[in-house]
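The values are calculated or read from the model by the stated rules, or taken from the named source; none is laboratory data. The structure presented is a predicted model; accordingly, all values stated were derived computationally and were not measured. Methodologically, a virtual Cβ is constructed for each residue, glycine included, from the backbone with ideal geometry; neighbour enumeration extends over all protein chains shown. Calculation scope for accessible area: heavy atoms of the full protein, side chains included, ligands and nucleic acids excluded. Shrake-Rupley method; radii C 1.70, N 1.55, O 1.52, S 1.80 Å.
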Amino acid sequence: MRINIAIDGPGAAGKSTIAKRLAKKLNYVHLDTGAMYRSAAYKAVKNNIALDDEEALCNMLSNTDITLTPEGKVYLDQQDVTSLIRTDEISLAASQVSKLANVRSMLVKRQQDMAKDKGFIMDGRDIGTVVLKDAEVKIYMTASAMARAQRRYDQNIAQSIPCESVEQIAKEIAQRDMQDMTRKNSPLKKADDAIEIDTSNMSVEQVTDTIYAYAKPFLEKEVH
Ligand code: DC
C-alpha cells in the first residue's frame, strides 16, 4: 500500500539527503518543508518585512507561490531560489518566522493538502507531531552537534554556498536548535510513536536501508 513517511529532527541531521534517497527508491515524492519556511523568510527579508510581523508575513504568504520540484529545485514566485535560501542568514530567519502560529498554519495546510493521497516523504520539525500525525512511519533523526556541523560545511562547500568555519556553523546550528526546540508553537520534539535514529556514525546507505526496513511491512500490505 502507499504510505506517508515523516522525518523530523534538528538542523543538518541529514533528513533531506535521506528523504531524497528514499523517495527515489520508492518512487515517492520528497517534500522538504524547511525549504518552505526558508522561502517565506527569504521573501520577507527581500521585502523588508519584520520577521516577527505575523500579519504582514501572512499577507505576504497569501500572495506567494512556493514550488518544490522532484529534482530538488525551489521556486519562489517562479524565481529559482534553491541556493539563495541556504545561507546562514536565511537559516536563522527561517527559524524566526517559523515561530509564528499563523505562518505555520498556512504552510502546514499546504503540506497536508499535498500529502493527502499518500506517497510522500516529508521532512521537517513537526511532521510526525502535527502535519502528518497519521503517517505510517515516523522517524526522529539526530546526530551529534559536531557531525551535523561538519556535514553542513561539506554540503555548503560542494554547492558553493558561502559559509565560514565549521565552528561558526556549529554555533548557528546550536542557536537554531534552541529556537526550534523551545518555541511555543509546534516545537521540535520526537513524536511518541517515532523511531529515533542517531546517524552520527552511519552512512547515507545505512540510514536509508534502516528506514526502508521499517517501511517494508506497510509497503507490502495489501489494501482491500
Ligand atoms: O530543515 P531546515 O533546516 O531547512 O529548516 C529551516 C527552519 O525552518 C528551521 O530552523 C525551523 C523551520 N522549520 C519548521 O519550523 N518546521 C518544519 N516542518 C520545517 C522547518
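When you filter the trypsin sites (Lys or Arg not before Pro) in the stretch 2-63 for DSSP loop state and at most 16 other Cβ atoms inside 10 Å of their Cβ, you are left with Arg2. Ratio of Rg to Rh for the stretch 90-148: 1.01 [Cα atoms; Kirkwood radius as inverse mean 1/r over pairs]. Springs join every pair of Cα atoms under 10 Å in this Gaussian network model of the chain, and among Met122, Met106, Met141 the largest mean-square fluctuation is at Met106.
At 0.692 mPa s and 37 °C, plugging the Kirkwood radius over alpha-carbon pairs of the stretch 16-81 into Stokes-Einstein gives what diffusion coefficient in µm²/s? Estimated via Stokes-Einstein, D reaches 254 µm²/s. Which value results for Rg/Rh of the stretch 1-129 when Rg is the Cα radius of gyration and Rh the Kirkwood radius based on the inverse mean 1/r? Over the Cα atoms of the stretch 1-129, Rg/Rh equals 0.95. Across all Cα atoms of the chain, the radius of gyration (one decimal) and Dmax (whole number) stand at 16.7, 55 Å.
On alpha carbon coordinates alone, what is the Rg over Rh value for the stretch 45-115, Rh being the Kirkwood radius? Numbers along the way, then the final one.
Numbers: Rg = 12.3 Å, Rh = 13.0 Å.
Using Cα coordinates only, the ratio equals 0.94.
Label positions at Thr87 and Asp209, each projected 7 Å from the Cα along the C-beta direction, are separated by 4.1 nm. Residue by residue, the stretch 106-115 carries 3J(HN,Hα) couplings of 5, 6, 4, 4, 4, 5, 5, 4, 5, 8 Hz when phi is fed to the Karplus relation 6.51 cos²θ - 1.76 cosθ + 1.60 (θ = phi - 60°); x denotes Gly or Pro. Surface analysis of the stretch 7-112 yields an accessible area of 45 Å² per residue, using protein heavy atoms and a 1.4 Å probe. Peptides 189-199, 93-103, ordered by how many other C-beta atoms sit within 10 Å of their residues on average, highest first, read 93-103, 189-199. Convex hull volume per residue, computed on the Cα atoms of the stretch 165-224, equals 135 Å³. Amide H contacts for Leu31 (H built 1.01 Å from N in the peptide plane; partners 5 or more residues away or on another chain; cut-off under 5 Å): Ile121, Met122, Asp123.
Using a probe of 1.4 angstrom, how much of the accessible area of the chain is carbon and sulfur, in percent? Don't skip to the end; give the middle numbers.
Numbers: 5590 of 11110 Å².
The computed percentage sits at 50.
Label sites at Thr69 and Arg110, each approximated as a point 7 angstrom past Cα along Cα to Cβ, lie 1.7 nm apart. For the stretch 69-170, compute Rh as the Kirkwood radius over C-alpha pairs and then the Stokes-Einstein diffusion coefficient at 25 °C and 0.890 mPa s; write the answer in µm²/s, rounded to an integer. Reported coefficient: 155 µm²/s. If both residues of a DSSP beta bridge must be in the chain, then about 25% of such bridges are antiparallel.
For the stretch 124-224, what class follows from the C-alpha gyration tensor (a ≥ b ≥ c being the square roots of its eigenvalues): rounded when a/c is under 1.5, otherwise prolate if a/b is larger than b/c, else oblate? It comes out oblate by the Cα gyration axes.
A full extension of the chain between Asp77 and Ala50 corresponds to an added length of 7.7 nm, given 0.36 nm per residue minus the alpha carbon distance.
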